[in-house]
Amino acid sequence: MKGLDAVQTITHTVDESLPLQAQGVVLRRGRSATILRGVSLSVPAGAVVGLVGRNGAGKTSLIECLVGLSVPQEGRCSLLGEDALALSDEAKGRLGYVAQQPDLFDWLTADGHFRRFQEAYPNWDTNRAMVLAQRLGLPLYTVARSLSGGDQQKLSVVLALAHDPDVLILDEPVSSLDPITRRDFMRSLFERRWSTQGQRTVLISSHLLSDLERVVSHVAFMREGRIQLMDEWDALTEHLRLLELPAGDGALPARAVHRRRVGGMERVVFDTRVADAPPASGRALTLDELFLELNDEGSA
């Protein structure tokens with residue numbers, strides 16, 4: 001058994017008090033293209049969730065539903081306890097969002113963006129914006145259309161963080177940044193200035209899995225418009241194991257999370273909490289390795 005038929009989904013109970021949720025979301029484009037296929041996702045308060053999957057898996061579409069930019073044909077999304085399609089100004093003021101393609105005012109400098117955002121966000125902190133801009137190496141007095149792709153991303157990140165949001169949603173925010181700037185950006189995710197709301201809740205989509213692995217509390221794997229697997233990263237590290245055996249070996253664990261054949265070998269990912277396998281068998285996986293196992297069908 002391969003692919004989605006072999007995937008075990010770990011779900012969380014739907015709770016209206018959670019800061020970020022999708023419930024049975026179906027999204028179609030046109031008459032025949034189904035982008036999201038009944039996606040349910042519940043993000044606990046204070047969690048840092050890495051949303052990972054191949055190009056076309058549906059990550060950006062899910063994020064757009066979560067922030068109210070796309071209207072699903074079925075299901076619903078909620079953010080900070082409100083319907084994502086009808087967010088109040090108060091909820092919008094507690095949200096920071098970075099789109100995959102920076103959405104900026106082409107004619108404004110970074111400094112000009114700061115002045116405009118100060119009018120829109122009650123908690124906007126220009127000093128905080130300046131500190132972040134300096135840390136990330138963002139030019140302050142160049143109009144947005146003349147900035148490089150990386151600098152446009154930096155500006156988008158600063159605009160999302162300077163009002164100290166309680167929920168931060170980021171779609172590939174660091175793909176154009178160098179390693180040092182990415183490190184400084186990751187540090188900025190967890191800095192809170194004056195909020196009494198507790199830890200910030202973060203959902204971040206990225207292909208840079210080694211960066212995510214250092215900061216996430218949870219990981220949600222997407223494939224073909226579905227959630228393949230979601231759980232706390234510590235739990236996945238502790239309980240998921242990769243076992244490689246000759247194809248046809250009767251020792252393969254039952255109820256595997258995923259399996260694929262590579263040449264004459266069978267590679268099996270199983271969960272020691274539920275699979276019928278010796279506790280000491282197999283080895284732990286990095287996030288990169290787990291992503292590969294869940295998304296590469298191998299060959300017969």
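All of the numbers you see were taken from the coordinates with simple rules; none came from a lab. Quantities reported herein were computed from a predicted structural model and do not represent experimental measurements. Virtual Cβ from ideal backbone geometry, glycine too; neighbours counted across all protein chains shown.
Summing charges over neighbours of Gly149, with a neighbour being any other residue whose Cβ is under 15 Å away from its Cβ, gives -3 when K and R count +1 and D and E count -1. Over the chain, Cα pairs under 8 Å with separation of 6+ residues give a relative contact order of 22 percent.
How charged is the neighbourhood of Gly75? Take every other residue with its Cβ under 13 Å from the Cβ of Gly75, and add Lys/Arg as +1 and Asp/Glu as -1. Cβ neighbours under 13 Å give a net charge of +2. Within the shell defined by Cβ-Cβ distances under 14 Å, the residues around Glu289 carry a net charge of -1, with Lys and Arg each +1 and Asp and Glu each -1. Available extension along the chain between Ser88 and Asp288 is 68.2 nm, counting 0.36 nm per residue and deducting the alpha carbon span.
Taking every DSSP bridge with both residues inside the chain, close to 65 percent are antiparallel.
At most 11 other C-beta atoms within 10 Å and a DSSP loop state: those are the exposed GluC sites (Glu not before Pro) I care about. Give me the longest piece of the chain that has none.
On the way: sites that count: Glu16, Glu297.
With a cap of 11 other Cβ atoms within 10 Å, the longest stretch comes to 17-296.
Taking the Cα atoms only, what angle lies between the long axis of helix 110-120 and the longest principal axis of the chain, rounded to 10 degrees? Orientation of helix 110-120: about 90 degrees from the principal axis. Taking N as the residue count of segment 75-178, its C-alpha radius of gyration divided by 2.2 N^0.38 Å amounts to 1.08. Helix 149-161 axis versus longest C-alpha principal axis of the chain: approximately 80°, rounded to the nearest ten. Taking other C-beta atoms within 10 Å as the exposure proxy, Asp164, Asp178 rank Asp178, Asp164 from fewest upward. Using the Stokes-Einstein relation with a Kirkwood hydrodynamic radius computed over Cα pairs, the translational diffusion coefficient of segment 3-232 at 10 °C and a viscosity of 1.306 mPa s comes to 88 µm²/s.
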